[in-house]
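To start, the structure itself, in structure tokens.
FYI, it's all coordinate maths here, none of it is from the lab. Not measured: the values here are computed from a predicted model.
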């Protein structure tokens, strides 16, 4: 822990960074997942898919286009 930030590197190459109420995962394949109280955000390793999920909505970019839906 440094300055209230935890950084963990796992055996599979993934990295987890935890600070305050936010956790960021850098997976071994290069994809990124960021979780905080307001939203969960995912970006695929190739950048072709991105999504944001909140309590009331989900938005996503995929190879097929853009999707936005209220829950």
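Between residue 14 and residue 55, 0.36 nm times their residue separation minus their Cα-Cα distance comes to what? Don't skip to the answer; put the middle values down first.
On the way: separation 41, 0.36 × 41 = 14.76 nm, distance 2.69 nm.
Contour length minus the Cα-Cα distance gives 12.1 nm.
Stretched out fully, how many nm does the piece from residue 6 to residue 31 gain, at 0.36 nm a residue minus the Cα gap? Mind showing how you got there, number by number?
On the way: separation 25, 0.36 × 25 = 9.00 nm, distance 1.94 nm.
Length difference between fully extended and current span is 7.1 nm.
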